[in-house]
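Beneath this line is the structure, given in structure tokens, with notes to follow.
Rule-based calculations on the coordinates, nothing more; no lab input. Quantities reported herein were computed from a predicted structural model and do not represent experimental measurements. Here the Cβ is made from the backbone with ideal geometry for all residues, glycine too, and neighbour counts use every protein chain on show.
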Amino acid sequence: MARVFNEIADMLEISGELVYKAVAYRRVADAVERWPNDVAQLFQADEPPKIPGAGPALTAKLAELATTGELGYYDRMRAQVPSGLLEILKIPGVGPRTVKQLHDELGIDSVDALRAAAEGGTLRGLKGLSARTEENILAAMARLASRGTRLLLHDADALMTGLVEQLRDVRGVGAIEAAGSLRRRKATIGDLDLLAATDDPARLIRALDSLTTVEHVLSAGTDKSSIVLAEGPQVDLMVCPPAGLSLSEKGFKVVESGELEPIATEEEVYERLGLPWIPPEMREDSGEIQAALAGTLPAVVSLADLRGDTHVHSDWTDGVDSIEVMARAARDLGHAWMVLTDHSPSLGITRGLSLERVAEQRQEIGRVNAELAPFRILHGTEMEIRADATLDYPDDLLAGFDVVVASVHTARGQSTEQLTRRTLAAIDNPNVDIVAHPTGRIVNRRDPIALDWPRVFEAAARTGTALELNGSPRLDLDDALARAAGQAGVRLTLASDAHRTEELDQLRYAVSVARRAWLTPGQVLGTRTADELLELVG
Ligand SMILES: [Zn+2]
Ligand SMILES: [Zn+2]
């Protein structure tokens, strides 16, 4: 449903319709995609959800699509707009107005036709297009073909850190930092946005353009530059004089006089708008402005609030480093404790621990704890929830662990009902404290499983079982489900799922998801001391 609505928005834009119409469709598409329940099912059950931005006309269209699987309006639009134009729109840097222009003036209606025209040098004759445009379109097509997917947050973060380190010391630069979706910590990132305050914009732009990691300079102006990194993504740099970091590119325009009012800091921008500062991760048009105005914006959890990590592996199963090495690294990161959660036997590939090995591991933990006190390793397990909804360890063994984390790794192809029943079997077992990576997704690689979320949330809230926000490239739960879980009264936990010392740092990506999900320190297990945690999980 979200895809259909997004396509309608594309087609409206290509047809040159008024912008607000397309915006309305996109807004509804976005809300449908983020809705915690299956929107189509709700319409089918005659319990239509109140989708923000969907008035009577758009709600009727959602209902038609949900109940019949078709949408007359969409079909009529498709008949009018050549499908190739929608493909062209996917090329970065080619907007709807250009698509319309290419179609109206040159009859271009497919990606192949556009490539031929760009190669043949016929685009430069059109108003606003140049030889440079042709080059850029061809380069973008090549990138699209080789890349396909958006960058994982972790990878975008690493690229951006590298760029900032290389540009921070360029003369004249006062501040330089990530902006856009990376700053909001979305799970995947398209282009990288970089914002800098500098006395000498030309120098900074030259420095960016001449980095060895740059493959291609798309455009370089006096206050902005776009480049493509050899690793794939495009980077847009925008520069301002040091006093001019502001809401729009330059500042607020005073309407009557047309005069520019530069503002130095983001906090001042919010103040000028009569709003408290809103953390970037919450800036998704999902109620944060209303909450800010009403004074109900929650103080979201930050990395500094966390005292420990509830999901860490060692070389006793599929990890790389020893228990002691992992514990020392966690301590060096400032953690007071970590839960060691090696695998249980039925996950064959990981050499899961037999009952005897569990006992031996407990002795090793005792030895390391004596050495590293007051840092503390809690003895946990990442136990399989088997395909038949039974658990991999018997109850008396489970009762001996400090913390029990349960996971679905196998038979992911089962029906929603079966998968939900397995998850509930774990939640309802009094020994299970946490369900790890509840949807099993891996960003860009594996789709999430669908569970009956209202039932899962109800059971988790009732039993006090925490759901995990996993900071590895799974980023599971995602931000929308995590927010719904929090609203349903479910406790959450943030974890790195580290299999080597370097991965302990992944905990901060779980924090990013938690902030995007509006979670407060009290809703999160890891803000407790070890003793408080043990008391909480019983
Ligand atoms: Zn796992
Ligand atoms: Zn794990």
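Summary of computed values
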| item | result |
| --- | --- |
| Helix axis angle, 416-428 relative to the chain longest principal axis, alpha carbon, degrees | 40 degrees |
| Directionally averaged projected area (convex hull, Cα atoms, the stretch 373-454), nm² | 6.7 nm² |
| Highest to lowest packing among 354-364, 453-463, scored as the average C-beta count within 10 Å | 453-463, 354-364 |
| For q = 0.13, 0.14, 0.15, 0.16 Å⁻¹, Debye-computed log10 I/I(0) when each Cα of the stretch 303-537 counts as one equal scatterer | -0.69, -0.81, -0.95, -1.10 |
| Furthest towards positive pole of dipole, Ile88, Leu229, Ala459, structure part the chain, Cβ charges | Ile88 |
| Ordering of 317-328, 278-289 by burial proxy (mean other Cβ atoms within 10 Å per residue, highest first) | 317-328, 278-289 |
| Residues Asp332 and Asn37, FRET efficiency given R0 of 35 Å [Cβ-Cβ distance, rounded to 0.05] | 0.25 |
| Prolate/oblate/rounded call for the stretch 151-242, Cα gyration tensor, a/c under 1.5 rounded | prolate |
| Intensity falloff of the stretch 2-146 expressed as log10 I(q)/I(0), Debye formula with alpha-carbon point scatterers, at q = 0.10, 0.12, 0.21 Å⁻¹ | -0.42, -0.57, -1.19 |
| Å³ per residue enclosed by the Cα convex hull of the stretch 163-211 | 76 Å³ |
| Extension gain (nm, one decimal) between Thr296 and Ala359, 0.36 nm per residue minus Cα-Cα | 17.8 nm |
| Charge dipole (debye, nearest 20) of the chain; +1 at Cβ of Lys and Arg, -1 at Cβ of Asp and Glu | 860 debye |
| Highest average packing first - 72-78, 56-62, 22-28, 175-181, Cβ atoms within 10 Å | 22-28, 175-181, 56-62, 72-78 |
| Karplus 3J(HN,Hα) series, Hz, for the stretch 119-131 with 6.51 cos²θ - 1.76 cosθ + 1.60 (x for Gly, Pro) | 5, x, x, 8, 6, 5, x, 7, 4, x, 10, 9, 4 |
| Packing-based exposure ordering (other Cβ within 10 Å, fewest first) of Met238, Met383 | Met238, Met383 |
| Helix-derived mean residue ellipticity, 222 nm - over the chain, DSSP H n ≥ 4, -39500 (n - 2.57), to 500 | -12500 deg cm²/dmol |
| Part-to-part distance (alpha-carbon centres) for the stretch 479-499 and the stretch 81-102, which is given in Å | 39 Å |
| Debye log10 I(q)/I(0) for the chain, one point scatterer per Cα, at q = 0.10, 0.12 Å⁻¹ | -0.97, -1.28 |
| 0 to 90° range, to nearest 10: angle between helix 56-68 axis and the chain longest Cα axis | 60 degrees |
| Extension gain (nm, one decimal) between Glu70 and Asp315, 0.36 nm per residue minus Cα-Cα | 82.9 nm |
| Helix 19-34 axis, angle to the chain major axis (alpha carbon atoms, nearest 10°) | 10 degrees |
| Gyration tensor (Cα) of the stretch 302-367, equivalent ellipsoid semi-axes in angstrom | 23, 13, 10 |
| Only Lys, Arg (+1) and Asp, Glu (-1) charged, at Cβ; the stretch 2-146 dipole about Cα centre in debye | 460 debye |
